[in-house]
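In what follows, a single structure is set out as structure tokens and then discussed.
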């Protein structure tokens, strides 16, 4: 008993079971209604057997012993009384079937609502994690966690079925005790056998299930990533390698699944053999046992009722055993859910902070170092520089110099490992993240486009924007012309990741989204480096007009686009090595001048991101 008590306490402390309890509390009235329906089903089932027993007893010329109505029933004509008892039994069965249908209906409706509630809750938890924390997970793992509400819903419905099975078993048990407590002893053999089977089989099922759940997620993640990387797979002719690796993963899953199937299906046939054996023993001994306390004409009704009730009782025992097997089979998924719901290794987004209304003077990086989790060396080291309000600051440097890491820090996807980012003298970590992001706009090289209409994609920048404001933003991004040429115009659905649009069109769509937002701080992370000359010219013109009187950080690949920036910062291996205007850096003859000579000399000028009117 103490061991079971400690196990129950351990379960309750687990995050997954706390989630289950929260769902039970939220839907407690529906669950109570389901329980009452199940209780009614069990009571009516037991009543049916009592009525059938009385009908068989009347046929055997026995007297019905029921308080208050027994004498009256015994005075009625035998055939009429049997017909009435059978009719009432049938009516009770009809009512019981209706209650069982209602119970299943309520349970299914409840399961659907629990699925919706838990998906929203789990997705909300994913979105509440900090970006460094959530980026540790693979896409397939996150999808598995978001859809884990189905596991919890299945768990609750399984317990609901278990309650019904237990109530029905109690009803049959009551009938069995009423007929013959001595014969009931045979059922203990079944119970002991089932418990013995469970104690040996269920741990095996739990172990296999845990490994199967983990390996299933790994295989699913591999498929998701392979589909996302189809362009790379085709480009490098790695189709066969992908299929071979998938075959290996699937084969391992198949072997585990076969083992789980073998163990999961073992309890039922063993239980059936045990029940059949006990029935045989019971038939041989029941005549002697029942003849000790019943007249001969009552032995057959008692035996027939007992065998029928015992069969139903044994069936419910098997259902209970199967339910526990099913619960054991979900153990692996519950374990994974516990790992995700645990707060021990999680970081969450800050939900509090000082109000932030915009940059008044400057943003200052004060000896900032950033080392990404799981990496051996910092991405940026001891950076100190200032982004004056209303000016354009450009970042240049070789690949891996730390430019995108500075953007990550400024966007607040990551916080400094050391040092501070000061906004008008206030540590950015003290400011409200929601306010910071509200005044932030980002246009990068690879902007995500949703599988929605163009209007909805642009409005993602500011959800309350009117159609007129959306169209103005599109015009400002030089996107209106190509949008209006589309068959459905702004109501055109762009497809998965915007595949129906060209790279330049997707980029102008993302820019329109940023323009609609009207941010105080604008981050341009190589926003035009992947575009053709015509698309780049259009995007550069839109950016030139949009960045006026805003604090802008430009990460540039083509130096000609930032030569008129207010200041240019040159990074090398995560450190600031040069700082100044285009002319100052050229006069210094350092890294920037070398890049300029290699990249820009002799090329046709392009529109300038850093230019001022």
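Every read-out reported here was derived from the displayed coordinates using simple, explicitly stated rules and does not represent laboratory data. The structure displayed is predicted, hence computed values, not measured ones. In this analysis, Cβ positions are derived from the backbone assuming ideal geometry, glycine residues included, and neighbour counts consider all displayed protein chains.
Structural remarks
- Tensor-based shape of segment 440-518 (alpha-carbon gyration tensor, a/c under 1.5 rounded, otherwise prolate or oblate): rounded
- Förster-model FRET efficiency, 41 Å R0, residue 360 and residue 326, C-beta, rounded to 0.05: 0.10
- Proxy reagent accessibility, fewest Cβ within 10 Å first, across 455, 472: 472, 455
- Distance from the C-alpha centroid of segment 317-369 to that of segment 518-596: 38 Å, rounded to the whole angstrom.
- Spacing of the two label points (7 Å from each Cα toward its C-beta) at residue 137 and residue 32, in nm: 3.4
- Per-residue Cβ neighbour counts within 10 Å put 305, 386 in the sequence 386, 305, beginning with the fewest.
- Tensor-based shape of segment 458-500 (alpha-carbon gyration tensor, a/c under 1.5 rounded, otherwise prolate or oblate): oblate
- For 464, 469, the sequence from fewest to most other C-beta atoms within 10 Å is 464, 469.
- Fully extended contour minus Cα-Cα distance, from residue 463 to residue 598, at 0.36 nm per residue: 44.2 nm
- Using a Förster distance of 60 Å, the FRET efficiency for residue 435-residue 177 (Cβ separation, nearest 0.05): 0.30
- Efficiency of FRET between residue 223 and residue 427 - r from beta-carbon atoms, R0 45 angstrom, step 0.05: 0.55
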